[in-house]
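The structure appears right after this line, and notes come after that.
The values are calculated or read from the model by the stated rules, or taken from the named source; none is laboratory data. Since the model is a prediction, treat every value here as computed from it, not as a measurement. Glycine gets a Cβ as well: all are built from the backbone with ideal geometry, and neighbour counts include every protein chain shown.
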Amino acid sequence: MNISNLALKLIVLLFPGLLAALLYRRLTVRHKERSDFMFVLIAITEGVVSYLTIQTLYYLYIFVNNLFAKYKLEYETIHAFKDLNNSNIIPYNEIMLASLAATFIGLISVKISHHNLLNKYAFKLGISNKYGDENLYSNFLNENCLSWVYVKDIPNELVYLGSVQAFSESEDFKELVLNEVTVYRYFKDEEYKELYEIPKIYISLPKDKVIIEQANLIEPEKNEKGVS
């Protein structure tokens, strides 16, 4: 068996899994970067799931065909599985279909991870009380009910009221982009004093010098942004 041909075949066969893993890594929020081993593990897992998906769809097609068609089809394994050890056969059609399936699988994985659906259902069933893999900062800002927030800049005694467009976190800083922003001055035990309004603002603050609170606003009009 030609090792180089086999290596080429394995690389091509792994493409759907790599595509799904890249989508997952690119679109999910993580406090710590995953190791290369975890990336490879995700790529292999989602790649196998992609091929199993097209195998299942193929079996389903044969089943429906045999129910209504005059000529029956035999249940066959796709070439990606059947000819895995044959380096001379590369099933490009199946790889393309698996890549399409991997795109949807990757997006579904992102949806599940982004909203912590697995952890939420496990919590409801009493299986686990873990909220997810990301830190509480990301988990808090990812909540569906959270749209408007108060961001307290403690050292500068400022408060920003706005809707969250984007956020990220480094080792030392928390970053946010807010839309429809109202900036307030605040002092201890005093009401907020409105300073000005701007359409958008980028905020980068030391992680231990910022407080983010949910703002229960129904409408975004300025006259309804009351604070006390």
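Key figures
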{"read-out": "Inter-residue pairs, beta-carbon under 7 Å, first surrounded by 13 or more Cβ atoms within 10 Å (Cβ to Cβ) and in the stretch 185-214, second among the polar types (S, T, N, Q), 6+ apart", "value": "Glu194/Thr182; Glu197/Thr182"}
{"read-out": "Among residues of the stretch 154-198, those that are closer than 27 Å to Thr28 by Cα and of a type outside the set (A, V, I, L, M), counted", "value": "15"}
{"read-out": "Glu191 being more than 18 Å from Phe140 (Cα to Cα), outside any strand (DSSP E or B) and at pLDDT below 90", "value": "yes"}
{"read-out": "Residue in the stretch 24-32 that is of a type outside the set (D, E, K, R), free of Cβ contacts under 8 Å to residues at least 60 places away in the same chain, in a helix (DSSP H, G or I) and out of contact with any strand residue (DSSP E or B) (no Cβ under 9 Å at 6 or more places or on another chain) present", "value": "no"}
{"read-out": "Conditions (1) within 30 Å of Asn139 (Cβ to Cβ); (2) loosely packed, with under 15 Cβ neighbours inside 10 Å; (3) among the aromatic types (Phe, Trp, Tyr); number of the one not met by Tyr92", "value": "(1)"}
{"read-out": "Long-range neighbours under 7 Å by Cβ, at least six apart or interchain, first residue of a type in the set (Gly, Ala, Ser) within the stretch 123-144, second assigned to a loop (DSSP other than H, G, I, E, B) and modelled with pLDDT of 70 or more", "value": "Gly132/Asn116"}
